[in-house]
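What follows is one structure encoded as structure tokens, with my remarks underneath.
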Amino acid sequence: MKSPVRVLLVGAAGRMGKTVVDLAKADPKIDVVAQCDVGDPIEPAMKNCDVAIDFSHRDAVSEICRTALNFRKSLVIGTTGHSQEQRRTIEKTAESLPIVFASNFSVGVNVLFWLSRKAAELLGPDFSPEIIETHHKMKKDAPSGTAKTLAEVLKAARKTKDEILIQSIREGEVVGEHTVIFTGPCERLELTHRAASREIFARGALRAAKWIVGRPPGLYSMQDVLGL
Ligand code: NAD
């Protein structure tokens, strides 16, 4: 059997970090060899892994990219809310390293991206889309990274620069809900995804970690990982 993929987890003490560690215990193809959280130096941990998975905070991204470049490691970035400059850092790093960067690692949401693109193309300009996203009160960024990706998908499919309206709701302990509403003359089409557990994101991130190691440099999406 091939040896397990050695993973460094950044943001290990957080909600997603703990979920990744728990799931990885049951996966013989994954070995979480190092865990970092606030204040831990990333550099020594990066040295001994094959891939780093990041579920921390957007401000950690420059250190993660710099140390991954030093040691030529693959990256799986799940953190959201990056500034334009931070996104450029990720894009520049992906010229030299293979990186999966996904605002949402769930299979269902990636199929929602695909369906939303298809629906926008089929419905045409008579239907205007908008997005509603709901998350738990602790979520730090709004709109969600997933809602922003959905807006990009819709804009590209409609071949327009018109902004897509995004409504963000923060309540209770909702893991994550995204609805795309297409309103046309006398009819509406709604596509909804509801996440019941953070496990779906953790499972997707581990799948991405196994997929990315050994790939050529580039910025890959979860749709690439899933072959959508
Ligand atoms: P959280 O606040 O529970 O956990 C974040 C952890 O990162 C904390 O333990 C914090 O101490 C740590 N951290 C902060 N700055 C750090 C730094 N500089 N270095 C190392 N660790 C640092 O948040 P969460 O719910 O686990 O979410 C984490 C991130 O993942 C958020 O950006 C969230 O939006 C994103 N997220 C993405 C997906 C996806 O599928 N892509 C799914 C869920 C959450």
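Working note: Karplus 6.51/-1.76/1.60 with θ = phi - 60° gives segment 31-39 the couplings 10, 7, 8, 8, 10, 10, 9, 3, x Hz, where Gly and Pro are set to x. Probing with 1.4 Å while keeping every protein chain in the model, the per residue accessible area of segment 107-195 equals 56 Å².
The phi-based Karplus calculation (6.51 cos²θ - 1.76 cosθ + 1.60; θ = phi - 60°) puts the 3J(HN,Hα) values of segment 65-77 at 5, 4, 6, 5, 5, 4, 9, 6, 9, 7, 10, 10, 9 Hz, whole numbers, x for Gly and Pro. Taking Cα atoms only, the orientation of helix 15-25 departs from the longest principal axis of the chain by about 60 degrees.
Using Cα pairs closer than 8 Å and at least 6 residues apart in sequence, work out the relative contact order for segment 107-195, in percent.
Worked out over segment 107-195, it gives 38 percent.
With K and R counted +1 and D and E -1, the other residues having a Cβ less than 14 Å from that of Q167 yield a net charge of -4. For the chain, find the longest principal axis of its Cα atoms and tell me its angle to the long axis of helix 107-123, 0 to 90°, nearest 10. Between helix and principal axis, roughly 30 degrees.
Does segment 93-228 come out rounded, prolate or oblate by the C-alpha gyration tensor, with a ≥ b ≥ c the root eigenvalues, rounded set by a/c under 1.5 and, if not, prolate when a/b is larger than b/c and oblate if not? In terms of gyration-tensor shape, oblate. Which of the pairs K92/K137; K29/K139; K2/K73; K25/K73 have their Cα atoms more than 28 Å apart in this structure? Going by Cα-Cα distance, K92/K137; K29/K139 fall outside the 28 Å limit. The packing ranking, built from the mean of other Cβ atoms within 10 Å per residue, places the peptides 5-12, 206-213, 126-133 in the order 5-12, 206-213, 126-133, highest first. The peptide list 109-120, 37-48, put in order of mean Cβ contacts within 10 Å with the highest first, becomes 109-120, 37-48.
Provide the packing ranking of 22-28, 157-163, i.e. peptides ordered by the mean count of other C-beta atoms within 10 Å per residue, highest first. All intermediate terms of the calculation are to be shown ahead of the outcome.
On the way: 22-28: 13.3, 157-163: 11.6.
Order by mean packing, descending: 22-28, 157-163.
Dividing the helix sum by the residues of the chain, where each DSSP H run of 4 or more adds -39500 (n - 2.57), gives a mean residue ellipticity at 222 nm of -11500 deg cm²/dmol.
Only one residue of V10, F55, V33 has its Cα farthest out toward the positive end of the dipole of segment 1-79, where Lys and Arg carry +1 and Asp and Glu -1 on Cβ, and that residue is V33.
The values are calculated or read from the model by the stated rules, or taken from the named source; none is laboratory data. Everything numeric here is computed off the predicted structure, so don't read it as measured data. Positions of Cβ are generated from backbone atoms using ideal geometry, with glycine treated the same way; all protein chains shown enter the neighbour counts. Remember, those area values only see protein heavy atoms, side chains included, never the ligands or the DNA or RNA. Shrake-Rupley method; radii C 1.70, N 1.55, O 1.52, S 1.80 Å.
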